[in-house]
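The values are calculated or read from the model by the stated rules, or taken from the named source; none is laboratory data. This is a predicted model, so every value here is computed, not measured. Note: ideal-geometry Cβ built from the backbone for every residue, glycine included; neighbour counts use all protein chains shown. Just the protein is used for accessible areas: all its heavy atoms, side chains included, with ligands, DNA and RNA removed. Shrake-Rupley method; radii C 1.70, N 1.55, O 1.52, S 1.80 Å.
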Amino acid sequence: MTPAAAPAESPSAPTYGHFIGGAWREPIGGRTFESRNPARRQEVVGRFAAGGADDIDLAVQAARAAFPAWARTPMPERADILLRAARLLADRKEALAELMTREMGKVLTEARGDVQEGIDMTLYMAGQGRRPSGETVPSELRQKRCFTERVPIGVVGCITPWNFPLAIPTWKVMPALLAGNAIVFKPAEDTPLMAVRLVEILIEAGLPAGVLNLVTGFGEDAGAALVRHAQVPAISFTGSAEVGHAIAAACGGAGKRVGLELGGKNAMIVLADGDLELAVDGALWGAFGTSGQRCTATSRLVVERSAVAEFTERLVARVGQLHLGDGLDPATDVGPVINERQLHRIHGYTEAGQQEAARLLTGGAIATDGALGEGFFYRPTLFTDVRPAMRIAQEEIFGPTTAIIPVDDFEEAMTVANGTRYGLSLAVYTRDLQRAMAAVDRLEAGIVYVNAPTIGAEIQLPFGGTKWTGNGHREAGTTAMDEFSEWKTVYIDYSGRLQRAQIDTHQTG
Ligand code: ADP
């Protein structure tokens, strides 16, 4: 079960095992599953081990065994391994991007961006390995030194989704490794091959056996077992809000740390004084890039009423020009959605919108003509006359669907934009600096954009959301290390006598 570099085409698609304790292994239960190309469902990209609780336990024991030596390895030495991994990722960028398009469907230019984000994150974390990671703080007592340092947590469970199959794993794995943790990594069942490739690269870069363990499989089996495992003190999860909150509840009850990056219902506000052509460009990219399958996707367009007619006319024309197809075809603007279940779920939202009397302007159908019928393609969909309380204005769709919500003025735009339970990414288009800054002040989200769509995060800044979207953690940037390390506070008293804080320093009378 060693992963071969064979062309991953069905029916001879290779079978991949788990990677545990430095070796590829068959799943204990012997079960496997397939990863298929969402643009051509008959194409099997690979067969993968379907892990369960026994595989997870094996991986956790391997991680526990590797942890002490890895935690003692100097941080710059750990960072050097990341640097080598970043170089390998860069060397293989094109091959990884093509594989990503075949496994996950996003168009090739975006797949290259996903790999680049992984390279950037890995390089960034390598650099963080030589930065200060603590503070010297003055003591109130004489002959006493106080400082803080980051220490690893132990075995960290990383559970990732399929929409950024390389970038998101690097957001977790790289800081977790740099901080000195050992990892059990459970990638999404729709994109296990990208996870295998990432693990191979880290091994090649020199990561010691057992430090990073990969268990592929389904969320309710492998994922749930990882969350439950008593010797995994921290979980980092990116995925749906439903699953994330259930995981948080399980972790809370067991006294575990949990970092959550969940969904969004992101809005772009278009004020009448804004550059409408720029806003249309932004809406197209924000709503239909990655077929709308980004947690930051622009799924609401909150437009000041006096600009609605012109904005809508321009946007409808542009949506009509979007070319749906296989992401490997350079003519393609919008690729497939991830799987059949998601295809029907997205269509269910079109039906919900129509039932609630939103007006469908374009799209709203599963594409079945010609080669599109072989994959999971949904026509880019635009609704208007959407009211804020409608399901399509409140629930995360995760597909190429967006909704124009007309509002009377700036005040109503703020209320509507903030009026969902999510708090990930909000954008405002205006040429008025005062209104732009007022929006920055008032928008309730982890990320706010001015004159740019709701997607487009850069790895050197914190990423995450408020309200239902998260639980206070931020990935990426310097904040990434907070999720994957503990603080240790150290007091060194070299006075040779008992010194009592607060008491000896405040003697009265
Ligand atoms: P999506 O709808 O985007 O697939 P999910 O939240 O279902 O999002 O999945 C994100 C990740 O969480 C995947 O790796 C999936 O296997 C995993 N997962 C799903 N259900 C559970 C669960 N009950 N416990 C742990 N992990 C899970």
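Annotations for the structure displayed:
- Remark on V302: its backbone amide H falls under 5 Å from those of M268, I269, V270, I405, a criterion applied only to residues 5 or more positions apart or on other chains, H modelled at 1.01 Å from N.
- The distance separating the Cα centre of segment 12-35 from that of segment 145-217 comes to 18 Å.
- 20 Å tail of the calculated P(r), segment 318-380, as % of Cα pairs: 28
- Whole-number percent relative contact order across segment 266-450, with pairs defined as alpha carbons under 8 Å at least 6 apart: 29
- Shape metrics for segment 388-509, restricted to C-alpha atoms - Rg then Dmax, Å: 22.9, 74
- Computed from Cα positions, the angle between helix 433-442 and the longest principal axis of the chain comes to roughly 60 degrees.
- Burial ranking of peptide ranges 348-354, 363-369, 460-466 (average Cβ count within 10 Å, highest at the top): 460-466, 348-354, 363-369
- The long axis of helix 340-355 is offset from the longest Cα principal axis of the chain by roughly 50 degrees.
- Candidate lysines - alpha carbon under 29 Å from K256, same-chain residues fewer than 8 apart omitted: K172, K186, K265, K467, K488
- Of interest is the spacing of the C-alpha centroids, which for segment 264-296 and segment 431-456 amounts to 13 Å.
- When Rg and the Kirkwood radius Rh are both evaluated on Cα atoms of segment 156-305, their ratio Rg/Rh stands at 1.08.
- Accessible area of segment 356-487 belonging to carbon and sulfur atoms, whole % at 1.4 Å probe: 52
- When the GluC sites (Glu not before Pro) in segment 138-226 are filtered for DSSP coil states and for at most 14 other beta-carbon atoms within 10 Å of their beta-carbon, the remaining sites are E140.
- In percent, rounded to a whole number, the relative contact order of the chain is 17, using alpha-carbon pairs under 8 Å and six or more apart.
- Cα gyration tensor shape for segment 266-450, rounded if a/c is under 1.5, else prolate or oblate: prolate
- Segments 498-506, 154-162 sorted - mean Cβ within 10 Å per residue, highest first: 154-162, 498-506
- Calculated over the chain: convex hull of Cα atoms, volume per residue (Å³): 169
- Surface analysis of the chain yields an accessible area of 39 Å² per residue, using protein heavy atoms and a 1.4 Å probe.
- Segment 7-115: chymotrypsin sites (Phe, Trp or Tyr not before Pro) in DSSP coil with no more than 11 other Cβ atoms inside 10 Å: none
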